[in-house]
Amino acid sequence: MSVTRRDFLGTGAAAAAAAAGLALPRVASAAPLVSADDIPRPARVAAARRPIVLCSANGFYRDNPAGSPIKKAYDMVVAGADPLDAAIAGVNIVELDPNDMTVGLGGLPNEDGVVQLAASCMHGPTKRAGAVGCLEDIATPSLVAKAVMDHTDHIFLVGAGAKKFALQLGFKEQNLLTEKSREAWLKWKSRLNPSDSWLDVPDDSAPSRRPRVTPTPQHGAPEQPGDGSHVFIDERGVPHTFGTINMNVVDANGDIGSVTTTSGLSWKIPGRVGDSPIIGAGQYCDNGVGAAGSTGRGEANIKVCGAFLAVELMRQGKSPEEALLEVMRRVIAMTEKRLLDDKGRPYFDLSYYAVSKEGRYAGSSAYEGGNFAVADAGGARLEPTVFLFKRDERPRPR
């Protein structure tokens, strides 16, 4: 299954045809999980600079840096492109890659074997936004989200209505289930298992007792270690994805665009929507402050509106690093007990990315070992995330 340059350019042209201070009170944190002196810092703290592009680690290709999505976005914004157009062009590379099982074409399907995609975007200069959820048969949901922003008075379209809208605008319908992802679904289906999305509800109707445990490098081997795609193989050989790509762009003038796109949690209940298409959760930008986004367990992020909260904390004067660590603390404080160990550490992974209008930036994760991608005048590269817990503090599944 392939997507030609002609198909991609035609779809993009159709979708882009019409394109042309509220401060929250300070958030009351849970009890500090670590002291300020114990918080690990990136090895190198870059000076603020712009233009700059920040994204999840799967936007940087170690084996082909020049062909990386983040490099595409950076080159475009340096050449004068609109920051949102640059961000979307970057993530389109991942959406159209049939070998990436976490975003767009070839993404792992829901439990019925259907690939359902989601994306959202924001344009700082015009204060506009667009989103789609449960989108089927269209490989570039980021472009459909932008089309919602450009062509309608709405922000969020879902399901059959989102697909109908995309087809009306000339997007190409295609089967998003590749042979590789179909075989993975058949393997999962043949071994229906304790890692599906259904909870075990006890007879007394009390909250479920089975924790939802995300496979991690400690109890599931990553297919591509460190690439940010969050693809893990469980002990039965079944792949699981928690991957997404978030990309944020600040141009030379300080104008901002942000986008997040995903195929969502593998083997999810049909109709499940995570944080990626939710404005303020999966991504958010404010042209006067900065942008933020997330990848990982969407259900945990939705409850704190993590991207919005990170931007608001930066508005209050926190650095991107400080803002993201505070957001992660709020996530843990809002997490139900079944997803935490007895020391209050999450079983799941969730990463955040934030960049200020001035060009300061950071990436964060709950556990040591994460990376994020950045591109600026110093080139495109991976940098380590700041984190709350060391690698050996990650809890094992119960």
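Name, by its number, the condition in (1) in contact with a Leu (Cβ under 7 Å, 6 or more places away or on another chain); (2) at pLDDT 95 or above; (3) open to solvent by 10 Å² or more (accessible area, probe 1.4 Å) that does not hold for residue 312.
Here residue 312 meets the rest and fails (3).
Going by what's in this entry, would residue 264 be described as in a loop (DSSP other than H, G, I, E, B), surrounded by fewer than 22 Cβ atoms within 10 Å (Cβ to Cβ) and not β-branched (Val, Ile, Thr)?
Taking the combined requirement at face value, the residue does not satisfy it.
Please determine whether any residue of the range 346-358 is modelled with pLDDT of 95 or more, surrounded by fewer than 22 Cβ atoms within 10 Å (Cβ to Cβ) and in contact with a Ser or Thr (Cβ under 9 Å, 6 or more places away or on another chain).
no
All but one of (1) over 28 Å from residue 372 (Cβ atoms); (2) surrounded by fewer than 20 Cβ atoms within 10 Å (Cβ to Cβ); (3) modelled with pLDDT of 65 or more; (4) not small (Gly, Ala, Ser) hold for residue 163; state the number of the condition that does not hold.
So residue 163 meets the others, but not (2).
Looking at the range 64-88 only, could you name the residues that are in a helix (DSSP H, G or I) and open to solvent by 20 Å² or more (accessible area, probe 1.4 Å)?
Going residue by residue through the range 64-88, those that are in a helix (DSSP H, G or I) are 65-67, 69-78, 83-88.
65, 66, 67, 71, 72, 74, 75, 76, 78, 85 - these are the residues of the range 64-88 that are in a helix (DSSP H, G or I) and open to solvent by 20 Å² or more (accessible area, probe 1.4 Å).
Across the range 322-345, what is the number of residues that are open to solvent by less than 10 Å² (accessible area, probe 1.4 Å) and basic (Lys, Arg)?
Summing the residues that are open to solvent by less than 10 Å² (accessible area, probe 1.4 Å) and basic (Lys, Arg) in the range 322-345 gives 0.
Against the conditions (1) of a type outside the set (Gly, Ala, Ser); (2) surrounded by fewer than 24 Cβ atoms within 10 Å (Cβ to Cβ); (3) within 20 Å of residue 291 (Cα to Cα), where does residue 122 fall short? Just the number, please.
Every condition holds for residue 122 apart from (2).
Would you kindly identify the strands (runs of 3 or more DSSP E) lying entirely within the range 94-197 that contain at least 2 residues that are among the small types (Gly, Ala, Ser)?
Where strands (runs of 3 or more DSSP E) fall fully within the range 94-197 and carry at least 2 residues being among the small types (Gly, Ala, Ser), they are 117-123, 128-135.
State which residue is most open to solvent (accessible area, probe 1.4 Å) when the search covers only the range 359-384 and only residues that are part of a loop (DSSP other than H, G, I, E, B) and farther than 22 Å from residue 256 by Cα.
Step by step, filter the range 359-384, then rank; the result is 368.
Is one or more of the residues making up the range 270-285 out of contact with any Gly (no Cβ under 6 Å at 6 or more places or on another chain), closer than 17 Å to residue 110 by Cα and modelled with pLDDT under 95?
There is no residue in the range 270-285 that is out of contact with any Gly (no Cβ under 6 Å at 6 or more places or on another chain), closer than 17 Å to residue 110 by Cα and modelled with pLDDT under 95.
Does the range 286-301 include one or more residues that are part of a helix (DSSP H, G or I) and within 12 Å of the chain's Cα centre (by Cα)?
yes
Scan (1) within 21 Å of residue 273 (Cα to Cα); (2) in contact with a strand residue (DSSP E or B) (Cβ under 6 Å, 6 or more places away or on another chain) for the single condition residue 74 breaks and write down its number.
In the conditions (1) within 21 Å of residue 273 (Cα to Cα); (2) in contact with a strand residue (DSSP E or B) (Cβ under 6 Å, 6 or more places away or on another chain), residue 74 misses (1) alone.
The values are calculated or read from the model by the stated rules, or taken from the named source; none is laboratory data. Because the structure is a prediction, the values reported are computed rather than measured. Note that each Cβ is placed from the backbone with ideal geometry, even for glycine, and that neighbours are counted across all protein chains shown. Surface accessibility is based on the protein's heavy atoms, side chains included, excluding ligands, DNA and RNA. Shrake-Rupley method; radii C 1.70, N 1.55, O 1.52, S 1.80 Å.
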